[in-house]
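Beneath this line is the structure, given in structure tokens, with notes to follow.
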Amino acid sequence: SCKFSCSSHSDDLSSSVRSQDPNQRRVLDSATRQRRLTRQLEALEKDNFQDDPHASLPQLVKRLPQFDESNESGKRRKKTRGDHFKQRFRKNFQTLLEEEDLSVSEGPNYLTACAEPSKFPQRHFCAVCGFPSNYTCVSCGARYCCVRCLGTHHETRCLKWTV
Amino acid sequence: MSTLVLDNGANFAKIGYSHEKVSVIPNGQFRSKTSRLKTFTASQLDEIKDPSGLFYILPFQKGYLVNWDVQRKVWDHLFGKDMFKVDFADTNIVITEPYFNFSSIQDTMNEILFEEYQFQSALRINAGSLSAHQYFHENNSELCCIVVDSSFSFTHIVPYCRGRKMKEGICRINVGGKLLTNHLKEIISYRQLHVMDETYVINQVKEDVCYVSQDFYKDMEIAQLKGEDNTVMRDYVLPDFSSIKKGFCKPREEMNFTGKYKTAEQILRLTNERFAVPEMLFHPSDIGIQEMGIPEALVNSINNMPEEMQPHFYKNIVLTGGNTLFPGFRDRVYTEVRALAPVEYQVSVVLPQNPICYPWEGGKLLAENPDFEEMVVTREDYEENGHYVCEEKFDI
């Protein structure tokens, strides 16, 4: 069991893993596990996890101009501030990348510049406490370091939010 | 005629006239739960008294400028009467772009600079090229250098020879400060306290307590010890924005190693998080990103260069970008590259005094260069010849 101060779970060991019938635990296949990992990595790209505080405001309030948004040089802005330009100015990253059509370009580009996989072996860490891990959860593939962490994992994350 | 140097980063804009000093200003807009109706732009962030649950609106996605509505609002503020009061007809602008910037974004940049703001002239360039320019100025006997730019969105490793970047050697690792902060938010939220909405606060925690380990498994052992033997463990007091305006680490003598704290403060207890988070720059695979870390990518890039240049690159490794500020970063890069490099080559890794503003300093230097006039594209030039003249002159 966990030798040192793995503090992420309670002292109560009554929710022992051994009491669960192995035949009843669902096992995720590798495609599902990969999808889960991809989703976790995509979540790490987010700017915010909460909603926009302005999202729930009534439309009328949102239209009120800010004091500093005065149109001092209205003339020169007409060229690039019309509705037509708005579409072009708000495309997301994926769209812009696809439009660049790099598969037909020659020489180094954004895609070829991406670092290759490491030649060093991957290290594994317990999904619960972050210390080095030697064991893998049979159901979902998450790593754990001791029985207590596995218990916490089963209670909180294993097989939850599966696509 | 004055020159405005703008290192337009995904997190901060480093901006200033070439004859003045640089300012580091958030490149985005912000909304707060407490000031519900207002949107704060760039330096107005300082006006927010309670940044808990701060909502970010950033023009960049994955390191590329995609949202021009937001970017223009930030630039209107920076160029306007509250900040740099730019007289566009009398101003050159030196502005940075990411490596391999998409041609559609480059075209839009030309339009915005010349048709909307109407700068007299512009020079668009990679930030790393400005860093290389500064480095060669400081080390004028050197022919080659390799620039590591580890910042908000990602990390780039770029070899330069005689002032020109070597495109075949450019390597991008998709780990940046944003990812490190989000990962720290996730593990704290799972292990201790829900902080997924607290980007601003946890980013400060990251900058205050995280460091790069020189001996990863040893630190892992120490971090598991109980009581005072655990020299890695720190207790971080979270701000409440009334009595505690800014978070801080409790000094070791005030830490309670045996029981619970009696005070009302919210405290995070951090052990392996302190060094496991920055470790992702050295082993992205720790988190499932199948890419090389910085030292391995450096050696890999250099090995793809012509053999006679390789010892020159090993001797001139320059670290830039916010992530290089983690204590121990430079030493760790040196140790790992030294171990991987051929024994007969000299290895030298330089961390400038201000790694965040180093490209800006290079931009200032470039603006003072006698050849500067020939490097820029003037507005007249653009209006006559269009995007073509920019494609020819600028090497992005």
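Here are the numbers for this structure:
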read-out	value
Relative contact order [Cα under 8 Å, 6+ residues apart], the stretch B:177-279, whole percent	31 percent
Among B:Ala223, B:Ala122, B:Ala276: highest mean-square fluctuation, GNM of chain B, C-alpha pairs under 10 Å	B:Ala223
Cα gyration tensor shape for the stretch B:177-279, rounded if a/c is under 1.5, else prolate or oblate	oblate
Gyration tensor verdict on chain B (Cα atoms; rounded if a/c is under 1.5, prolate if a/b is larger than b/c, oblate otherwise)	oblate
For the protein assembly as shown: rounded, prolate or oblate by the Cα gyration tensor [a/c cutoff 1.5]	prolate
Considering only chain B, percent of DSSP beta bridges that pair antiparallel, nearest 5	70 percent
Unit charges on C-beta of K, R, D, E only; dipole of the protein assembly as shown, Debye	2300 debye
Too-long pairs where the Cα-Cα distance tops 19 Å, listed order kept, from A:Lys91/B:Lys167; A:Lys46/B:Lys49; B:Lys49/B:Lys245; B:Lys226/B:Lys260	A:Lys91/B:Lys167; A:Lys46/B:Lys49
Positive-end residue of B:Ile244, B:Ser121, B:Asn110, charge dipole of chain B with Cβ unit charges	B:Ile244
In nm, spacing of pseudo-spin labels at B:Leu143 and B:Asp46 (7 Å Cα→C-beta vector)	4.7 nm
Test item: B:35-44 mean partner chain Cβ contacts at 10 Å	3
Per-residue HN-Hα couplings for the stretch B:116-122 [Karplus 6.51, -1.76, 1.60; θ = phi - 60°; Hz; x = Gly/Pro]	8, 7, 6, 5, 5, 7, 9
Per-residue average of Cβ from other chains inside 10 Å of A:36-46	4
Cut-off under 5 Å, modelled amide H: who pairs with B:Asn126 long-range	B:Glu97
Dipole in debye (nearest 20) - the stretch B:356-396, about Cα centre, beta carbon charges: Lys, Arg +1; Asp, Glu -1	240 debye
Charge dipole (debye, nearest 20) of the stretch B:297-341; +1 at Cβ of Lys and Arg, -1 at Cβ of Asp and Glu	180 debye
Chain B, relative contact order in percent, only Cα pairs under 8 angstrom and at least six apart counted	18 percent
Nearest-0.05 FRET efficiency for B:Leu340 and B:Ala89, computed from C-beta distance (R0 45 Å)	0.30
Which of B:Tyr64, B:Val94, B:Pro278, positive extreme of dipole for chain B (C-beta unit charges)	B:Pro278
Efficiency of FRET from Cβ geometry, A:Leu102 and A:Arg33, R₀ 30 Å, rounded to 0.05	0.55
Per-residue average of Cβ from other chains inside 10 Å of A:89-98	6
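Each reported figure results from applying straightforward, stated rules to the coordinates on display, with no laboratory input. As the structure is a computational prediction, the values presented were derived from the model and not from experiment. Every residue, glycine among them, receives a Cβ derived from its backbone with ideal geometry; neighbour counts consider all protein chains shown.
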